[in-house]
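A short reminder: the numbers here are calculations on the coordinates, not readings from a lab. Everything numeric in this text was worked out from a predicted model, so none of it was measured. Virtual Cβ from ideal backbone geometry, glycine too; neighbours counted across all protein chains shown.
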Amino acid sequence: NSPPVFTTLPVQFALVGEMLSLQIEALDPDNRPVTYSLANTDAQGYVFTPDGQLNITMTTSDSKTFKFVATDECNASDTTTVTVKAMECPCQHGGTCHPHPYHPRGSGQYECACPAGFNGSRCESDIDDCQPSLCVNGKAKAREMMARW
């Protein structure tokens, strides 16, 4: 009997204040059922279930480490350590972070929803309202110009 092999990446990312839900996974080469247990952790405020579901809310910028054990029905086992690193939302100017739809949760990939007046992948660009129009004293004059034509 061969032991299960973990497939979960050893480093995961979560925003401070975000509740991250991760599925810890291991494959058994003999196709036997696998159960999961938590050997130890330095984290608080998490929930872990025997099917490998980890839910944790990062309340500080400190990384949290979890040591998991995957065991098959013949008691063959594998261990892995997963570190969840806290990160700040990279969005600027009051933009909000949303998990990126094309990357798995925990990958550290987020999209920014920008407030009015800003754009760019991180809301880093201030939209110049006068750019496409003539301006007088910093105010767009497009309507006045259009009325004359």
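What the table shows:
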| item | result |
| --- | --- |
| Space enclosed by the convex hull of the alpha-carbon atoms of the chain, per residue, Å³ | 134 |
| Residue order, fewest to most beta carbons within 10 Å, for Cys74, Cys123, Cys89 | Cys74, Cys89, Cys123 |
| Full-stretch length increase - Ser125, Cys89 - with 0.36 nm per residue and alpha-carbon distance subtracted | 11.3 nm |
| For the stretch 5-87, the spread of Cα positions along each principal axis, largest first, Å | 40, 18, 17 |
| Value of [θ]222 nm, deg cm²/dmol, for the chain, DSSP H segments ≥ 4, -39500 (n - 2.57) each, nearest 500 | -1000 deg cm²/dmol |
| Residue-span extension gain [His103 to Thr59] - 0.36 nm each, minus C-alpha spacing | 13.5 nm |
